[in-house]
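Notes follow once the structure below has been shown.
Read the figures in this text as sums done on the coordinates, not as results from a lab. Since we're looking at a predicted model, the values are computed, not measured. All Cβ positions, even for glycine, are placed from backbone atoms using ideal geometry, and neighbour counts span all protein chains on display.
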Amino acid sequence: MSEPTKVVAIIAANTALSSLLAMVVAGDSRLRVRQFDSDIDLMAYMRIAPIDMLVCDFDREGRPAYEMVEAIRLNNALLSQEVPVIALTRTITPPMRHQAISAGIDEVIIKPMSPRHLLQRIQTRLRTRSVVGVLGGYRGPERRNRMPLPTPHPVPTRRSSDNVVPLFPDRRKPRQPGLDA
């Protein structure tokens, strides 16, 4: 029995980037791609059909990506309110990082990036199906009922070739010595 086809929605900074990303993502026969020019078109589509992944761009004109994702998360009329989201950006600032976390964006990828890298991230995210901020219906900065964490260790220096900006610590590793969570 084959896995059902997944729908990936793409709303990028411009039509050329959107078309390029769509072409590469559509190369995976298990994925169906829907391109959108505006968040209004995207929301209209999401009222009538579900999507399995959203790729959006911080660098596009109009409503900022984090506001669009917040609107999706809060709109009960949409079929895919809890859709996993990957955002693209040229640079990420501390306020942007906070906005991404608050909105429920799962992952941020720094541009320029290889479209194949984006495809791999989409495939991984769809396989693990982990969605940020979807516990108990509450979506906000403290939505994960975390225990107090020990003082963080220094963050390893990013290589210039790294495109994925981690928004959350790796949850597979124990957070405190001696805890097997």
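Observations, loosely collected:
- Centroid-to-centroid separation of region 29-75 and region 80-126 [C-alpha atoms, Å]: 13
- Peptides ranked, highest mean first, by Cβ atoms within 10 Å: ranges 106-119, 59-72: 59-72, 106-119
- Residues Ala26 and Phe168, FRET efficiency given R0 of 25 Å [Cβ-Cβ distance, rounded to 0.05]: 0.30
- Modelled spin labels at Arg63 and Ala77, positioned 7 Å past Cα toward Cβ, are 1.1 nm from each other.
- Computed extension gain for Asp41 through Ala16, at 0.36 nm per residue and net of the alpha carbon distance, reaches 7.2 nm.
- Sorted largest first, the spans of the alpha carbon positions of region 27-67 along the three principal axes are 31, 23, 15 Å.
- Amide H to amide H distances under 5 Å link Arg34 with Val8, Ala9, Ile10, where only residues 5 or more positions off or on other chains count and H is placed in the peptide plane.
- Shape category assigned to region 1-83 from the gyration tensor of Cα positions, a/c cut at 1.5: oblate
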